[in-house]
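S.K.: Quick one: this structure, given as structure tokens, is what I'll be asking you about.
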Amino acid sequence: MEIFLCLEDRGGMLFHGRRLSRDRAVTADLLAAAGPAGLWVAPFSRGLFAPGDPVRAAEDFLLRAGERDACFVEDRPLLPHLARIRAVTVYRWNRRYPFDRALDLDLSQWRLASVEEFPGYSHPILTKERYIP
């Protein structure tokens with residue numbers, strides 16, 4: 001499966017159960033990357049997307065996702081699923097925010113396959129990085 005997530009500069013994902021940021025440009029990019037097959041998310045993340053968007057929500061979405069599926073992760077550890085992850089795409093806000101939950105994968109052990117910058121809605125520049133094992 002391919003994992004998509006948003007991080008602040010130090011790897012933070014959440015602060016007191018709240019997402020660190022929300023950006024319409026990222027949401028649009030996520031849906032485009034997932035394609036017609038859609039995106040798996042936790043119920044916590046479902047509200048980021050419009051009712052008609054191809055998004056499937058389930059508490060156990062990381063277990064349900066198939067080998068070729070895309071998953072957007074905001075609030076889950078990924079290490080238990082490491083063997084099934086074929087790529088990780090990170091949207092970086094290029095900011096430091098407070099956080100109390102951080103990414104549990106060490107991406108320095110992965111190969112950075114691509115980097116792209118694009119204008120965000122809430123941030124002038126967002127960075128999209130794609131890592132592969």
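The values are calculated or read from the model by the stated rules, or taken from the named source; none is laboratory data. From a predicted model like this one, the values you see are computed outputs, not experimental measurements. Positions of Cβ are generated from backbone atoms using ideal geometry, with glycine treated the same way; all protein chains shown enter the neighbour counts.
S.K.: Evaluate the following for E8: is it over 11 Å from the mean Cα position of the chain (by Cα) and closer than 23 Å to F118 by Cα?
M.R.: Answer is yes for this residue.
S.K.: Let me ask you something else. Need a quick list: strands (runs of 3 or more DSSP E) entirely within the stretch 69-133 having at least 3 residues that are touching a Pro at 6+ places or on another chain (Cβ under 6 Å) and within 19 Å of F49 (Cβ to Cβ).
M.R.: Of the strands (runs of 3 or more DSSP E) lying wholly inside the stretch 69-133, none has at least 3 residues that are touching a Pro at 6+ places or on another chain (Cβ under 6 Å) and within 19 Å of F49 (Cβ to Cβ).
S.K.: Which one of the conditions (1) among the basic types (K, R); (2) touching a Lys or Arg at 6+ places or on another chain (Cβ under 8 Å); (3) surrounded by fewer than 17 Cβ atoms within 10 Å (Cβ to Cβ) does R111 fail to meet, given that it meets all the rest?
M.R.: Looking at each condition in turn, R111 falls short on (2).
S.K.: With respect to R19, determine if the residue is under 16 Å from F4 (Cα atoms) and modelled with pLDDT of 90 or more.
M.R.: Here the answer is no, as R19 does not meet what is asked.
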